[in-house]
Amino acid sequence: MCRSIKTLRPPVIPEKATDDEIRAAALQYVRKVSGFRAPAAHNREVFDRAVTAVAEATAALLDDLEVRGTRAAPSPG
């Protein structure tokens, strides 16, 4: 799809993805889907809303993913 979007989950990256990394990936995704590198003034608000929505969905996905060997086991009792 978009080769400039990098994988943002461990163990591909050693630590949790930063907000800036997540937003950059969201921006690349919205640029690819919309076909605009930068939107015209009349599309700026909807473009920015889409980037925010994709970034939020990405953060939620990364927070909820369970990657074998990376999540701590729940404590007993």
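When the residues of segment 40-59 are narrowed to those that are among the small types (Gly, Ala, Ser) and more than 16 Å from residue 29 (Cα to Cα), which ends up surrounded by the most Cβ atoms within 10 Å (Cβ to Cβ)?
40
What is the residue count in segment 25-39 for residues that are surrounded by 18 or more Cβ atoms within 10 Å (Cβ to Cβ) and among the hydroxyl-bearing types (Ser, Thr, Tyr)?
Counting residues in segment 25-39 that are surrounded by 18 or more Cβ atoms within 10 Å (Cβ to Cβ) and among the hydroxyl-bearing types (Ser, Thr, Tyr) gives 1.
Just checking, which of 39, 14, 76 is in contact with a helix residue (DSSP H, G or I) (Cβ under 8 Å, 6 or more places away or on another chain) and either at pLDDT 95 or above or not in a helix (DSSP H, G or I) (or both)?
39
In segment 1-57, what count of residues is obtained for those that are of a type in the set (Phe, Trp, Tyr) and farther than 29 Å from residue 68 by Cβ? So that I can check it myself, show each step before the final result.
Within segment 1-57, the subset of a type in the set (Phe, Trp, Tyr) is 29, 36, 47.
From the residues that got through so far, the ones that are farther than 29 Å from residue 68 by Cβ too are 36, 47.
Counting residues in segment 1-57 that are of a type in the set (Phe, Trp, Tyr) and farther than 29 Å from residue 68 by Cβ gives 2.
Test residue 27 against the stated conditions and say whether it is at negative phi, under 15 Å from the mean Cα position of the chain (by Cα) and in contact (Cβ under 8 Å) with a residue 12 or more places away in the chain.
yes
Kindly indicate the residue of segment 60-73 that is small (Gly, Ala, Ser) and modelled with pLDDT under 90 and also nearest to residue 30 (Cα to Cα) among those meeting that condition.
The initial filter retains those residues of segment 60-73 that are small (Gly, Ala, Ser), namely 60, 69, 72-73.
Still in the running and modelled with pLDDT under 90: 69, 72-73.
Numbers: 69: 32, 72: 33, 73: 36 Å.
Selected residue: 69.
Suppose the filter is surrounded by 10 or more Cβ atoms within 10 Å (Cβ to Cβ) and in a helix (DSSP H, G or I); does residue 22 pass it?
In short, yes.
The values are calculated or read from the model by the stated rules, or taken from the named source; none is laboratory data. These numbers come from a predicted model, not from an experiment. Every residue, glycine among them, receives a Cβ derived from its backbone with ideal geometry; neighbour counts consider all protein chains shown.
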